[in-house]
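One structure is given here, and the rest of the page talks about it.
Read-outs: derived from the displayed coordinates by stated rules, not from any lab. Just so it is clear, the model here is predicted, and its values are computed rather than measured. Glycine also receives a Cβ, built like all others from the backbone with ideal geometry; neighbour counts cover every protein chain displayed.
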Amino acid sequence: MPFLPELLRVATRMCGARDRAEDLVQETFLQAWRSFARFQTGTNCRAWLYKILMFSHSKQRRSQARQPSLTELDQAGEKALLFDPPTPDVLTTEMVNAAFGRVPEPFRTTVVIVDVEEFTYREAADILDVPIGTVMSRLSRGRKLLRHELASCAEALNLDTRERQGSS
Amino acid sequence: MTRDCQQIRELLDSFLSSELTVETNHTVLRHLELCDECRGEADRRRETRRLLSAALKDDANIGDVGALRARIGAAIDADQPRGWRRAARYWPLAAAIALVLSGAMWWSRPVDAAAFEDSAGNHVACALGYPPAAYDAARIKKLLTGRFAGLADVLARDYDGYELIDAHLCPYNGRDYAHVIYRHDGHLVSLFAEPAVRGTLPRAEQVGTLPDGSSPVTAKSLHGFVVDAAGTRQHHLFVVSDEQATISNKARDGILSSTAQFVRKLEEQ
């Protein structure tokens, strides 16, 4: 089963709980098995499995009626658009992980697909089944939100970035 | 921060993802060369991505997937029609299916059809428009960073009269090239090295073999340039020279061979 650990990692990040992530990955491979005849030889198998994973995830969320509220997304988006803080000088894995955990969906998944899993914008649009402009907008907001959260973390840890902001 | 800096920072993330057009990409590169503040911000954003990848790709968080693999296998088995399930119990048939499937996966490996074309394109976009530069080790250290940092140190300053003049990271058409520029008798030659993430090298005429015999060297003529290529397990290497002043085999093999040794060490890490 190709890409199993990788898909489980991404699914765990999306679902939040290991058991739900395992169900999602199982559903993904089952769907891939059933629709293997539709897989186009010569295309990217990894991207195809990600597309099925995303589709299964949105189906699962719809059935559980757990869509995030529009207000939450709007507020998050607005916050990110107002000001883009510089990235703090001191960064640690724990800090980045904690900050990223506070970035809301769907920005978080889009950032994972592009910045972590290194798919191109066009591949991400295909995987997420949205226009490429939506991918770019979600990425822009997601990355800015991450910088906001990192700046907050740095402030909480007393790693003040105001001096650099002022001088730049 | 100047207005230029503000505009460049809006582009920085797409620059790091190699998603800018060639022209915009070089505008960003030129700005970063001159602006310490924005270069620092680019480095921090690159570091943020590295740490995020390290955190999210840590297999220790996932643990053993053996049980899940077995569960999925059982689910797929249960999903098959009953007659098929009975037949699959016969191992020769199962082995034959596995053989066909692995063959299909082998043949379905994507081919990076634009690999030669993009190398020639970036040679035109970058090397030929490059300001005349003299070798500057400090400048190369500043501009050739990330996984390819240190590549210039393993390359000779001179291969058969071809003189190393500059090296930098050179994103182009979504590719993360390391770009090393050589000059000989007024002609520029580019070495490009990139991770082979888009598939295998397309077929081309074999014109030689790397001196250690590890990889064939193939070549294509495109738009007045000759692109020589060699591959390692995870990287593609290209040497682009003018069709009217093709690089000597000795220089080409020397450059490709040193670069192949460098990227193989990366692949072992």
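On average, how many beta carbons from a partner chain sit within 10 Å of the beta carbon of a residue in B:42-54? Show your work: numbers first, answer last.
Numbers: counts 1, 1, 8, 6, 1, 4, 12, 8, 4, 8, 11, 7, 4.
For this peptide, the per-residue mean of nearby foreign Cβ atoms is 6.
Which of the aspartates and glutamates could a cross-linker bridge to residue A:51, judged by Cα under 20 Å and excluding same-chain residues fewer than eight apart?
List returned: A:6, A:22, A:23, A:27, A:105, A:115, A:117, A:118, A:123, A:126, A:129.
Test of understanding: what is the full-extension gain from residue B:5 to residue B:21, defined as 0.36 nm times their sequence separation minus their Cα-Cα distance? Could you put the intermediate results ahead of the total?
Details: separation 16, 0.36 × 16 = 5.76 nm, distance 1.84 nm.
This chain segment gains 3.9 nm when fully extended.
What is the sum of charges, Lys and Arg at +1 and Asp and Glu at -1, for the other residues whose Cβ falls under 13 Å from the Cβ of residue A:93?
Working: positive: B:49, B:50, B:57; negative: A:94, B:47, B:58.
For residues surrounding residue A:93, the net value is 0.
Normalised by the residues of chain B, what does the relative contact order come to in percent, with Cα pairs under 8 Å and at least six apart? Intermediate values should be presented prior to the final figure.
On the way: 331 pairs, mean separation 43.0, N = 269.
Dividing the mean separation by the residue count of chain B yields 16 percent.
With the contact rule set at Cα under 8 Å and sequence spacing of 6 or more, what percent relative contact order holds for segment A:4-65? If you can, show how the numbers build up before the last one.
Working: 33 pairs, mean separation 19.7, N = 62.
The normalised contact order for segment A:4-65 reaches 32 percent.
What list of ³J(HN,Hα) values in whole Hz, one per residue of segment B:231-241 in order, does the Karplus curve 6.51 cos²θ - 1.76 cosθ + 1.60 (θ = phi - 60°) give from phi, with Gly and Pro shown as x?
x, 10, 4, 10, 9, 10, 10, 9, 10, 10, 9
Over segment B:182-255, what is the mean sequence separation of C-alpha contacts under 8 Å (at least six apart), divided by residue count, expressed as relative contact order in percent? Before the final figure, lay out each step's value.
Details: 116 pairs, mean separation 23.2, N = 74.
Value for segment B:182-255: 31 percent.
Sort A:50-61, B:203-214 by the packing proxy (mean of other Cβ within 10 Å over each peptide's residues), most packed first. Present the calculation step by step, with values, prior to reporting the outcome.
Working: A:50-61: 18.7, B:203-214: 12.8.
The packing order, highest mean first, is A:50-61, B:203-214.
Excluding residues on the same chain fewer than 8 positions from residue B:220, give the lysines whose Cα lies under 27 Å from its Cα.
B:250
Quick one: which residues, 5+ away or cross-chain, put their amide H under 5 Å from the amide H of residue B:158? H built at 1.01 Å from N.
Those lying under 5 Å, H to H, from residue B:158 are B:164.
What Cys residues in chain B are without a partner cysteine, judged by a Cβ distance under 4.7 Å?
Flagged as lacking a Cys partner: B:5, B:126, B:170.
Per residue of B:169-176, how many C-beta atoms from partner chains lie within 10 Å of its own C-beta, taken as a mean? Spell out each step's value before the answer.
Details: counts 0, 0, 0, 0, 0, 4, 0, 1.
Mean shielding by partner chains, rounded to a whole number: 1.
Mind checking A:132-141 for the average number of partner chain beta-carbons within 10 Å of each residue's beta-carbon? Don't skip to the end; give the middle numbers.
Numbers: counts 1, 0, 0, 0, 3, 0, 0, 4, 3, 0.
Rounded to a whole number, the mean comes out at 1.
Residues with beta-carbon under 10 Å from that of residue B:252, excluding residue B:252: net charge, scoring Lys, Arg +1 and Asp, Glu -1?
Numbers: positive: B:250; negative: B:160, B:228, B:253.
Every neighbour counted, the sum reads -2.
What ranking, highest mean first, results for peptides B:37-46, A:12-21, B:225-234 when packing means the other Cβ atoms within 10 Å averaged over each residue?
So the peptides B:37-46, A:12-21, B:225-234, ranked by packing, come out B:225-234, B:37-46, A:12-21.
I want the local charge near residue B:208. Using Cβ-Cβ distances under 15 Å, sum +1 for each Lys or Arg and -1 for each Asp or Glu among the other residues. Before the final figure, lay out each step's value.
Values: positive: B:220, B:250, B:252; negative: B:160, B:205, B:212, B:228, B:253.
Within the 15 Å Cβ shell, the charges total -2.
Straight-line reach from residue B:141: which lysines have a Cα under 25 Å away, not including same-chain ones fewer than 8 places off?
B:265
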